[in-house]
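The values are calculated or read from the model by the stated rules, or taken from the named source; none is laboratory data. Keep in mind that this is a model prediction, so the values were computed, not measured. Ideal geometry is used to build each Cβ from the backbone, glycine not excepted, and the neighbour counts take in all protein chains shown.
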Amino acid sequence: MICDMCGDSSRLYKVIVEGAELSLCKECSKFGKVIAPIQQDAPYSAKKSIKEPQPENIQLLAGDYAEKIKRKREQLGLSQKELAERLNEKESVLQKMESGHFEPPIETAKKIEKLLNIKIIEEHEEKYEDKMPRARTETFTIGDFIKIKK
């Protein structure tokens, strides 16, 4: 457990501060009335409580989606109006897609892939790396928000 005020992971005490019951370290407990020490089973370890981020698969449009749509539509001999009707979209939306000024939502891109039998959605695996280990916890504590008058 960590101190609610400063984030320290030393011995904690149950303290009443301005009507609120908080878990505070010895240093912060002077700001309220100490009720009792808190029993801790094992020392707090930030590394144990933080789970490793899992890779995430993300679907993105291919960089040349506009060219692929236009090329395949022309190969099939379809006009923009006919393709737009089959996709249940406006013709102006299809024109913007083919010119690259509009990225269709993934659902619409899936319809286009199925209808034209092309691949415009790419799977990307997003990996998260911890650039710099943090010395403190990753959450805010009350101490991050208060000003102490001296």
task: Return yes or no: is Leu78 among the hydrophobic types (A, V, I, L, M, F, W, C) and crowded, with 16+ Cβ neighbours inside 10 Å?
output: yes
- line: When the stretch 12-39 is checked residue by residue, the ones that are out of contact with any strand residue (DSSP E or B) (no Cβ under 7 Å at 6 or more places or on another chain) and at pLDDT below 85 are Gln39
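Go through the stretch 109-121 and report how many residues are in a helix (DSSP H, G or I) and either buried (at least 17 other Cβ atoms within 10 Å of the Cβ) or of a type in the set (Asp, Glu) (or both).
Initially, the stretch 109-121 is screened for residues in a helix (DSSP H, G or I), giving 109-116.
If we keep only those that are either buried (at least 17 other Cβ atoms within 10 Å of the Cβ) or of a type in the set (Asp, Glu) (or both) too, we end up with 109, 112-113, 116.
Number of matching residues: 4.
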